[in-house]
1. I need the full set of residues from region 113-128 which are loosely packed, with under 15 Cβ neighbours inside 10 Å and either among the polar types (S, T, N, Q) or at pLDDT below 95 (or both), in order please.
2. Between a first residue in region 55-75 that is within 15 Å of residue 126 (Cα to Cα) and a second residue that is hydroxyl-bearing (Ser, Thr, Tyr), which pairs have beta carbons less than 7 Å apart while being 6 or more apart in sequence or on different chains?
3. Among 71, 110, which is hydroxyl-bearing (Ser, Thr, Tyr), farther than 30 Å from residue 163 by Cβ and either open to solvent by less than 70 Å² (accessible area, probe 1.4 Å) or modelled with pLDDT under 95 (or both)?
4. Of the conditions (1) over 28 Å from residue 23 (Cα atoms); (2) open to solvent by less than 20 Å² (accessible area, probe 1.4 Å); (3) without any contact (Cβ under 8 Å) to a residue 12 or more places away in the chain, residue 90 fails just one. Which one is it?
5. Take region 129-140 and flag every residue that is more than 14 Å from the chain's Cα centre (by Cα) and open to solvent by 20 Å² or more (accessible area, probe 1.4 Å).
6. So, restricting to strands (runs of 3 or more DSSP E) that lie completely within region 84-164, which ones have at least 1 residues that are within 21 Å of residue 6 (Cα to Cα), of a type in the set (Ser, Thr, Tyr) and in contact with a helix residue (DSSP H, G or I) (Cβ under 6 Å, 6 or more places away or on another chain)?
7. Which residues, counting only those in region 16-61, are open to solvent by 70 Å² or more (accessible area, probe 1.4 Å), closer than 30 Å to residue 139 by Cβ and not in a helix (DSSP H, G or I)?
8. Looking only at residues that are closer than 20 Å to residue 91 by Cα and touching a Ser or Thr at 6+ places or on another chain (Cβ under 7 Å) in region 1-15, which one is surrounded by the most Cβ atoms within 10 Å (Cβ to Cβ)?
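The values are calculated or read from the model by the stated rules, or taken from the named source; none is laboratory data. Just so it is clear, the structure is predicted and the values come from calculations on it, not from any experiment. With ideal geometry, Cβ positions are generated from the backbone for all residues, glycine too; neighbour counts draw on all protein chains shown. Surface accessibility is based on the protein's heavy atoms, side chains included, excluding ligands, DNA and RNA. Shrake-Rupley method; radii C 1.70, N 1.55, O 1.52, S 1.80 Å.
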Amino acid sequence: MKHVFLCGDPALDLACTLRARRTTRFETLDAPDRLDAWYLESGIVDAVSPCQEADLVQAVAVREAVYALVTARLADEGYDDEALALVNETARRPPATPQLTARGRWVEATPAQALSTVARHAIELLSGPEAPLMKECANPECTKVFIDRSRGGRREWCGMESCGNKIKAAAYRARKKETAAAR
């Protein structure tokens, strides 16, 4: 199973690795090798040393802290002190550092460096100009938060394939059913 990157920022994509938080939760980071895959597929790194169980536990803790900060921002509430401290502490660690090679840019990192890079993305997002562009998916079952960079700022769903088509199809079926019942 490949990870999904619809949110527009690595920190949001990490926060959304736990899906359907309000209903049947679905954990995509269920093993250290899944975290390895996430780091690689996200583009944070080109190579990562193998994650251990402790790295996974730390990444999940940071993920939950990022999600808490993002949802607080969306609700225009104050940040949770523990979540803020964890993200800041993680970001203070050395990040993944790009290197120039004969073939171009290459980023090799430890799991801690990769996670530090994600925490730094979270800080930049939450304190930067794109923070007001964050939205939660309009699908009530989805809890993904994304950056709405659409021209009119009217994007409603994390992705058309995942949520938009489901909602539109359900609305269409409901209209058809209502029309048939009215006859």
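1. Listed by number, the list holds a single entry, 127.
2. These pairs meet every condition: 62/90; 63/17; 69/79; 72/79.
3. After ruling out the rest, the residue left standing is 110.
4. (3)
5. 129, 130, 132, 133, 138, 140
6. none
7. If the condition is that a residue be open to solvent by 70 Å² or more (accessible area, probe 1.4 Å), closer than 30 Å to residue 139 by Cβ and not in a helix (DSSP H, G or I), then 22, 23, 24, 25, 26, 30 are the ones that fit.
8. Among them, the one singled out is 13.
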